[in-house]
Amino acid sequence: MLRVEGLSHAFRNGTETTTVLQHINFHVRQGEIVALLGSSGSGKSTLLNLMAGLMKPTEGDIYISDHNIVKMNENQLSEFRRKHIGFIFQAYELIANLTVRENVELPLVFQSVSPSIRKQKALSLLEQVGIPEKAELFPSQLSGGQQQRVSIARSLITEPSVIFADEPTGNLDTKTEEEILAILKRLNSMMKTTFVIVTHEREVAAQTQHIISLRDGYLITDRDPSDAMPLAGVTTG
Ligand SMILES: Nc1ncnc2c1ncn2[C@@H]1O[C@H](COP(=O)(O)OP(=O)(O)O)[C@@H](O)[C@H]1O
Ligand SMILES: [Mg+2]
């Protein structure tokens, strides 16, 4: 469902050019949880932002459900992002003067969904992430782990086909990290949403089905366990 082909990226600052990604190729199946693993500065966030359509690569193609997002113009891309892509940030990025429920509803406000349906969906997602009782509080009244749960609920409310998460547990202690990963795994198996999770921690990557490792802008390993399995038979759908 996600295919990256011949992707390279360089940043230009005045006369200086920094090449950050070099000839990256990989693909991700519908419904997978994938980890993008690498040390700081290896190019993970750049790759994630390119796949989420937040910027354009210097070279290469990115297909999401057979749509090449690199070839889209700004309008097509923002509509595609709104409908098909969710994003989870390390620092949650919630809006301080909206309640938890209003934060979760926000992506639907831009899709002219009726207030009662928005509310119902938001409350149901807050239930899924385990904090239904926080709905009418403000983000500042929540712990970091609870705020990240809100951000996860917000990313899911448009029912995107893929969610990109940049170090979603990077600001959390180990126990809260475990809880957040468990929620992501449960939502993934329930909703069949594809998740791409950036991390610099091997322990986080080890909990996913598919690990793509970057070093200095190069893809160094692509471990997809299901590639190694013989086909058991014909599947439908
Ligand atoms: N806007 C930018 N301009 C110039 N260099 C950048 C920019 N953003 C990131 N970089 C550089 O690109 C490299 C990869 O950064 P990044 O993708 O953020 O890595 P990671 O997320 O793995 O830590 C780093 O060397 C970083 O300094
Ligand atoms: Mg990063």
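A short reminder: the numbers here are calculations on the coordinates, not readings from a lab. None of these values were measured; they are calculated from a predicted model. Cβ sites come from the backbone with ideal geometry, for glycine too, and all protein chains shown count toward neighbours.
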> For region 38-73, what are the residues that are crowded, with 17+ Cβ neighbours inside 10 Å, within 13 Å of ligand 1 (Cβ to nearest atom) and of a type in the set (A, V, I, L, M)?
Replying inline: Leu47, Leu48, Leu50, Met51, Ala52
> Would region 74-88 turn up any residue that is free of Cβ contacts under 8 Å to residues at least 60 places away in the same chain, in a loop (DSSP other than H, G, I, E, B) and surrounded by 14 or more Cβ atoms within 10 Å (Cβ to Cβ)?
Replying inline: no
> Are there any pairs with C-beta distances below 8 angstrom linking a residue in region 185-204 that is in contact (Cβ under 8 Å) with a residue 24 or more places away in the chain to a residue that is away from ligand 2 (no atom under 16 Å from the Cβ) and basic (Lys, Arg), with the two at least 6 apart or on different chains, and if so which?
Replying inline: Thr194/Arg29
>> What pairs come out if I take residues in region 153-178 that are part of a loop (DSSP other than H, G, I, E, B) and pair them with residues that are of a type in the set (D, E, K, R) and within 16 Å of ligand 2 (Cβ to nearest atom) whose C-beta lies under 9 Å away, six or more apart or interchain?
In response: Glu167/Lys44; Glu167/Glu201; Thr169/Glu201; Gly170/Glu201
>> Please count how many residues of region 12-48 are within 16 Å of ligand 2 (Cβ to nearest atom) and either closer than 16 Å to Ile212 by Cα or in contact (Cβ under 8 Å) with a residue 24 or more places away in the chain (or both).
In response: 18
>> Suppose the filter is within 20 Å of Leu37 (Cα to Cα), of a type in the set (Phe, Trp, Tyr), buried (at least 18 other Cβ atoms within 10 Å of the Cβ) and within 16 Å of ligand 1 (Cβ to nearest atom); does Phe195 pass it?
In response: no
